[in-house]
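S.K.: The structure that follows is given in the form of structure tokens.
Derivation of every value follows stated rules applied to the coordinates shown; laboratory data play no part. Since the structure is predicted, the reported quantities are computational estimates derived from the model, not experimental observations. As a convention, Cβ positions derive from the backbone with ideal geometry for all residues, glycine included, and neighbour counts pool all protein chains shown.
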Amino acid sequence: MNHFIDVLDYSSKDLQEMLDLAVKLKSQWKKGGNPPLLRGKVLGMIFQKPSLRTRVSFDMAMRHLGGDALYLSPAEIGLGKREAISDVARVMSGYVDAIMARVFEHQHVLELAKWASVPVINGLSDYNHPCQAMADALTIYEKFGSLKGIQVTFVGDGNNVAVSLMHICVKLGANFTIANPVGYDMPSKAIELAQEVARTTGSQLKFLRDPHQAVKGAQVIYTDTWTSMGQEEEAQVREKVFPPYQVNQELVSEADKDVIVMHCLPAHRGQEITDEVADGPHSALFPQAHNRLHAQKAILVQLLT
Ligand code: CP
Ligand code: NVA
């Protein structure tokens, strides 16, 4: 069974083909001609956490391509609580053509994939966010024409979004740098996996503490919330640690003059990013969010046709 759990499960060629498909589907959509590639197909969407972009873009992606989507909120299902994940996976597989799940523990999406007889898509876990990474890569690809050799710098928490961004960067030949505080590193396993891929694609990886050093020469600056969903009890501590990592005008002015600033959203304006940057001339925040729709379509078409 073909799933979409981690961009590292795909070859560089497969990922590039998905990006090209996303570009094609986006241009067809702009011309008002969505192809009915998923006619009659239904995506079941299980959410253990809130969502705007993932929920709406997957739903609209299915509708544009002639299919439908079913939203199951955190109050329903009770994944692993009301019912065993293995049972949920097997029951859902008899009703829908694919399952998208946003979970707390990464192990839970792996468990769903293990038992489902339809494709499972990871809509964010505590470990990674591969659908976001596809939209991010699409945004960078549209701006620069290729990811090869592009300097992408993540400033902030070594979280799920950072992990998938690093992984897609190394797969597609971009150079990836992160600046994060002590104690907020990405999981060492994620780093080792990235280093392994980088050896074959030639991507350069840097793991720094100083955001000013990290953004020198950056063509993309990326940031995300200091406190991810599920870490709310750490928020006060994090708000003391992360202010030096704020993406503000001063930091942006230290990067490449044509730098784009990215954020997966939701943004906490005044914390990890200032209004001035989020709404400023370098911001790619909204085109990036809109690209979730087109990236999601490519993932769905790849899995379901
Ligand atoms: N970026 C992202 O996944 O947004 P949502 O949490 O709103 O889906
Ligand atoms: N790192 C954030 C991303 C939200 C889309 C979180 O996990 O809450």
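S.K.: Would you please classify the overall shape of region 151-196 from the alpha carbon gyration tensor, given that a ≥ b ≥ c denote the square roots of the eigenvalues, rounded means a/c under 1.5, and beyond that prolate means a/b larger than b/c while oblate covers the rest?
M.R.: Judged from the Cα gyration tensor, region 151-196 comes out oblate (a/c at least 1.5, b/c at or above a/b).
S.K.: Want the number for Lys216 to Phe144: 0.36 nm per residue separation, take away the alpha-carbon distance, what's left?
M.R.: 24.1 nm
S.K.: What is the magnitude of the charge dipole of region 104-243 about its Cα centre, with +1 placed on the Cβ of each Lys and Arg, -1 on the Cβ of each Asp and Glu, and no other charges, expressed in debye to the nearest 20?
M.R.: It works out to roughly 640 debye.
S.K.: Using a cut-off of 21 Å between alpha-carbon atoms, which lysines can reach Lys30, once sequence neighbours fewer than 8 places away in the same chain are excluded?
M.R.: Straight-distance partners of Lys30: Lys143, Lys297.
S.K.: Using +1 on the beta carbon of Lys and Arg, -1 on that of Asp and Glu, and nothing else charged, what's the dipole of the chain about the Cα centre, debye to 20?
M.R.: Roughly 960 debye for the chain.
S.K.: Using the basic label-point model (7 angstrom from Cα toward the beta carbon), what is the Tyr95 to Asp279 distance in nanometres?
M.R.: Rounded to a tenth, the inter-label distance reads 4.3 nm.
S.K.: Quick one: if you take sqrt(5λ) for each eigenvalue of the C-alpha gyration tensor of region 1-153, what semi-axes come out, biggest first, whole angstrom?
M.R.: So the equivalent ellipsoid measures 27, 19, 14 Å along its semi-axes.
S.K.: Further question: Rounded, prolate or oblate: which one fits region 1-66, using the alpha carbon gyration tensor with axes a ≥ b ≥ c (rounded when a/c is under 1.5, else prolate when a/b beats b/c, else oblate)?
M.R.: Verdict is oblate for region 1-66.
S.K.: Put a dot 7 Å past each Cα toward the Cβ at Lys30 and Glu83; how far apart are the dots in nm?
M.R.: Once both label points are built, they end up 4.3 nm from each other.
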